[in-house]
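Rule-based calculations on the coordinates, nothing more; no lab input. Here the structure is a predicted model, which is why all the values come from computation and not from measurement. With ideal geometry, Cβ positions are generated from the backbone for all residues, glycine too; neighbour counts draw on all protein chains shown.
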Amino acid sequence: MTRRDDIHETGETSEFAALRLKARVIHNRLFMLYGEPRWTKLDGVSELVSTILSQNTNDGNRDLAYTRLRARFATWELVRDAPTDIVIDAIRPAGLANQKGPRIQAALQRITAEQGKLNIDFLADLPVEDGLAWLTSINGIGPKTASIVLLFCYDKPAFPVDTHIHRLTGRLGLIGPKVSADQAHDIMVKLCPDHQYGTFHINIIRHGREVCHARSPECERCPLQDVCVYFHYQYNGLSVPR
Ligand code: SF4
């Protein structure tokens, strides 16, 4: 069979169809393990600021910085117009405050300049590709941050890829060993079962934190062994492809 013969009526290759099936199996197993996750839905501007704060730090530090920022300033307009050193001081627990403070203010200024107000709900009416393009045109906003805003604020079919998701999807063989985190967003959008973007995203992260650790994955208690490329190589004494 030639490669061309292997393309289904949907335009999908057998190889990709198999990966989609595998993604569904993984989603179902993680759902059995962790159930339906819950998350707090913020408005778009608040989520954007929160995700800028979350860059290169953990959730605890992000939350502390976000709470301090909101306690110091009653509105996002006040954050936008404040002396930058006061914003930097408020968000210091998130780390890289000297970068994140000006980045947040520049994003707020850009939104105001384009929308006439601090509101990005117009993203709800845009196709996801246009929303991603607009968000990533803001300095300091990459595909992960943009995807978080679109998925969790506007229920768009986006799939944010953080360090846990990049590691797990690589080990499981959903993405290739040379695929970067930024490239993985598009692949995971296509592989994720419909309408399960948020659930799949959060449950993979949880599995990365609790079982599939970066240094020593606890494969012996993992329900994904039979669909995991990393486990297959380790179990058979082979070196894992990189
Ligand atoms: S089998 Fe091991 S490497 Fe594979 S997903 Fe589970 S914990 Fe991670």
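The label-point distance for VAL240 and LEU96, in a model that sets each label 7 Å from Cα toward Cβ, rounds to 2.4 nm.
Can you give me the Kirkwood hydrodynamic radius for the stretch 98-150, using every pair of distinct Cα atoms, in Å to one decimal?
11.4 Å is the Kirkwood radius here.
Shown here: the chain, whose C-alpha atoms stretch 62, 41, 31 Å along the first, second and third principal axes, sorted largest to smallest.
Given +1 on the Cβ of Lys and Arg, -1 on the Cβ of Asp and Glu, and no further charges, what dipole in debye does the chain carry about its Cα centre, rounded to the nearest 20?
On the way: 29 positive and 28 negative charges, 155 e Å.
Dipole of the chain, to the nearest 20 debye: 740 debye.
Per residue, the average separation of C-alpha pairs within less than 8 Å and at least 6 apart gives the chain a relative contact order of 20 percent. Hydrophobic long helices, here whole DSSP H runs in the chain with Kyte-Doolittle means of at least -1.0 and Cα atoms spread over 18 Å or more along the helix axis, are found at 14-34, 97-115, 197-210.
The label-point distance for GLU129 and THR75, in a model that sets each label 7 Å from Cα toward Cβ, rounds to 3.8 nm.
Across the stretch 164-224, the mean sequence separation of Cα contacts (distance under 8 Å, 6 or more residues apart), normalised by length, yields a relative contact order of 37 percent.
Using Cα pairs under 8 angstrom and six or more residues apart, how large is the relative contact order of the stretch 138-242, in percent? Please list the in-between numbers first.
On the way: 105 pairs, mean separation 27.2, N = 105.
Answer for the stretch 138-242 is 26 percent.
Would you mind checking LYS22/LYS100; LYS117/LYS156; LYS117/LYS144; LYS100/LYS144 for any pair whose Cα atoms are more than 27 angstrom apart? Provide the component values of the computation, followed by the final result.
On the way: LYS22/LYS100 38 Å; LYS117/LYS156 22 Å; LYS117/LYS144 24 Å; LYS100/LYS144 16 Å.
Beyond 27 Å between Cα atoms: LYS22/LYS100.
For the stretch 44-154, the equivalent ellipsoid derived from the alpha-carbon gyration tensor has semi-axes of 22, 16, 12 Å in decreasing order.
Can you tell me the FRET efficiency between ASP155 and ALA214 if r is taken as the Cβ-Cβ distance and R0 is 35 Å, rounded to the nearest 0.05? It would help to have the intermediate numbers written out before the result.
Details: r = 31 Å, r/R0 = 0.87.
After rounding, the FRET efficiency stands at 0.70.
Equivalent-ellipsoid semi-axes for the stretch 62-102 (Cα gyration tensor, √(5λ), whole Å, largest first): 14, 12, 7.
Tell me, in nm to one decimal, what length is gained between ASP89 and LEU42 on full extension, where the rule is 0.36 nm per residue of separation less the Cα-Cα distance?
Details: separation 47, 0.36 × 47 = 16.92 nm, distance 2.33 nm.
Between ASP89 and LEU42, full extension yields 14.6 nm more.
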